[in-house]
Structures are given as structure tokens and as C-alpha cells.
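The values are calculated or read from the model by the stated rules, or taken from the named source; none is laboratory data. Values in this document were obtained by computation on a predicted structure and should not be read as measured data. Methodologically, a virtual Cβ is constructed for each residue, glycine included, from the backbone with ideal geometry; neighbour enumeration extends over all protein chains shown.
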Amino acid sequence: MSEELDFEATMAELERIVGALDREELDLDEALRLFEDGVGHVRRANRLLEDVRGRIEELIEASSEEVRTVELAVEVSDEENANAD
């Protein structure tokens, strides 16, 4: 449950950062700091999603004799992809 809250908090902070970068007149240093923070939040969200994926795979493996991989689709906007690079 705490991972879910961490993910939600991470996404909320990322949305706040994106909003600030979109709306505010920022000097270059502040904009760069916010961008770096945003990249960190994207990486954290990806790690949390990978952890959940691993747990799901473990549960599937434990519940059946054969391992089945379930593809989970995560939609990422072009903007988020650009920020993650």
C-alpha cells in the first residue's frame, strides 16, 4: 500500500513540476532545477512500476505451475518520454 501512495505522490509532484515549468516565468537555473527534479520523479515512478510488475509476475508464478507473463501497458505521453531522456 505504501508503494501505491509513493507512486501517487511521485506523480502528483511530477504534475506540479510540469505545471510550474509550463506556467511560470522562471530563470534558467530554476527551470533546470525543476527539470532535473522531474527527471528524478519519472525514474522513481518507473522503478515503482517495475517493482509492481515483478510482484505480479511472482504472484502469477506462485498461483500456477507454469509461468505466464502478462504484458502491462503503461501509456506515456511524448512529453514524458522527452523528459525521461
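Observations on the structure shown:
- Residue match in region 54-64 (condition: on the phi < 0 side of the Ramachandran plot and in contact (Cβ under 8 Å) with a residue 24 or more places away in the chain): no
- Failed criterion for Glu75 (all others in (1) closer than 21 Å to Asp6 by Cα; (2) modelled with pLDDT of 90 or more; (3) surrounded by fewer than 12 Cβ atoms within 10 Å (Cβ to Cβ) hold): (2)
- Among the residues making up region 17-34, those that are over 23 Å from the mean Cα position of the chain (by Cα) and either among the hydroxyl-bearing types (Ser, Thr, Tyr) or in a helix (DSSP H, G or I) (or both) are Leu28, Asp29.
- Tallying residues that are in contact (Cβ under 8 Å) with a residue 12 or more places away in the chain and not basic (Lys, Arg) within region 10-43 yields 15.
- Put simply, of Glu36, Glu13, Glu8, Glu30 the only residue that is surrounded by 14 or more Cβ atoms within 10 Å (Cβ to Cβ), among the acidic types (Asp, Glu) and modelled with pLDDT of 90 or more is Glu13.
- All told, Ala84 falls short of being in contact with a Ser or Thr (Cβ under 9 Å, 6 or more places away or on another chain), of a type in the set (Gly, Ala, Ser) and either surrounded by fewer than 14 Cβ atoms within 10 Å (Cβ to Cβ) or at pLDDT below 95 (or both).
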